[in-house]
1. At 18 Å minimum axial length over the Cα atoms and a Kyte-Doolittle cut of 1.0, report the qualifying DSSP H helices in the chain, or say none.
2. Order these by the 10 Å Cβ neighbour count, fewest first: Thr154, Thr75.
3. Give me the one-decimal nm value for the distance between modelled label points at Glu265 and Asn319, 7 Å along each residue's Cα-to-Cβ direction.
4. Can you tell me which of 197-205, 288-296, 236-244, 140-148 comes out highest on packing, and rank the rest after it, using the mean Cβ neighbours within 10 Å?
5. State the extension gain, in nm to one decimal, for the chain segment bounded by Lys133 and Lys221, taking 0.36 nm per residue of separation less the distance between their alpha-carbons.
6. Could you list which residues have their amide H under 5 Å from that of Gly104, counting only those 5 or more apart in sequence or on another chain, with H placed in the peptide plane?
7. I want to check the label-to-label distance for Lys278 and Tyr396. Put each point 7 Å from Cα in the C-beta direction and report it in nm to one decimal.
8. For region 72-222, take every pair of Cα atoms, bin their distances at 5 Å starting from 0, and report each bin as a whole percent.
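Rule-based calculations on the coordinates, nothing more; no lab input. Source: prediction; values computed, not measured. Every residue, glycine among them, receives a Cβ derived from its backbone with ideal geometry; neighbour counts consider all protein chains shown.
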Amino acid sequence: MQHEYDVVIVGGGMVGASLACAIAPTNLSIALIESIALKEDQQPSYDDRGISLSPSSKRILEYLDVWDDIYTNATPIKNIHVSNQGRFGFTHLTASELNVPELGHVVIAKSLGHALHKKLSHFKNIKILCPIKLQNFERKNSKISLELLSSKGTKVIDTKLLIGADGSHSKVRSLANIEINKNDYKQTAIVSNVTTQKPNQNTAYERFTSHGPIALLPIDKNRSVLVFTTHSNEANQYLSMPDNEYIKIIEKEFGRRLGKICKLEKRCEYPIFFIEAKTQYQENIVLIGNSAHTVHPNAAQGFNLGLRDVAGLAECITNGLNRNLAIDDIDILKRYIDLRSADQKNVIDFCNSIANCFYNKSFILNSCANAAMISFDCIPELKSLLLKRAMGVAGYQPRLVRGLNL
């Protein structure tokens, strides 16, 4: 077993695997560490959830050469309809308004996971270590020594750069003693696939209710991913009730835009909270994706933001190596933070603003939210800004997001 690597990525989910693929062409020696066996039926990052991909994410996946493997299972989003239950305002966003073929795609996480791991297997300089857990690490001179635990015992490997892509409850972040800002929304997302009486016409729906948002994402002509957000103390009630009772509640909250719900598939739960690392890097260490920032899923921005982190870090690493910098040069990480901080802040503020306005029972805040929805629908400039934000192309973005090579 190799004991020293240029880069160790902790977390073999969608963000970690994408980063490994993105920096593999540099010929750096890379170890990808994952605590759970990388099988689609076991890896929680690769379950049956529908993932909403922005056009910026599509460009990144095209560069990684995995898009062709998931394209046939990807459903284009042509329209986005946003409404607030019991209120007048609504917003309807269309691809034609920006002269683009689609506003995004919906893919099943399992399909994306399979494509990423197929690509990983093509690189001889990537070593996947799993199932194995990070137990501890310590700095030794200019390197980091990691203690790993598997069913076969303890192993130690060294790296010049440690990347935490291990999610909201990041072990890397914890061991590095990086503090966080956290907000527990006390909400749970209940996710299932449904078949509806009427075709979805490639429309993604989001409806804000007193419980939280209800989203329907198209995955086939009459099939959609249903995301029902409710108060956490009510989640078990909705998870355990018979299908027909649950369907009645969804139809009442969402309405009959797509007719009746004809079929309800397995329900899964995901707690919702906000996490932001107070710093995203230290000497030899950097956090990306949910390890650095976990946002409310109300705007479907989390994974897309994480992929833009991948694009940004891959760009900074590649540029640094081209300038003959060592992989552990702190200037690479400083440049990454400079490149990504504005986009991250914009997305965090955007998601928090939606949560605060639409879930707040204050008459004033609710009225402001509805006025904003009416304004977005009536003022082309505001609507265009909202569309670009949803598509992940607002503001300065990494080269891969702009369709350029590293």
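1. Details: long enough: 302-322 (30 Å, 0.40); 330-358 (41 Å, 0.03); 363-378 (22 Å, 1.16).
Going by DSSP H runs, the hits are 363-378.
2. By the 10 Å Cβ count, ascending, the order reads Thr154, Thr75.
3. If labels sit at Glu265 and Asn319, their model points lie 4.1 nm apart.
4. 288-296, 197-205, 140-148, 236-244
5. On the way: separation 88, 0.36 × 88 = 31.68 nm, distance 4.13 nm.
Full-extension gain reported as 27.6 nm.
6. For Gly104, the qualifying residues are Ile77.
7. My value for the distance between the label points is 2.8 nm.
8. With a bin width of 5 Å, the distribution comes to 2, 7, 10, 12, 13, 12, 11, 11, 9, 7, 4, 1, 0.
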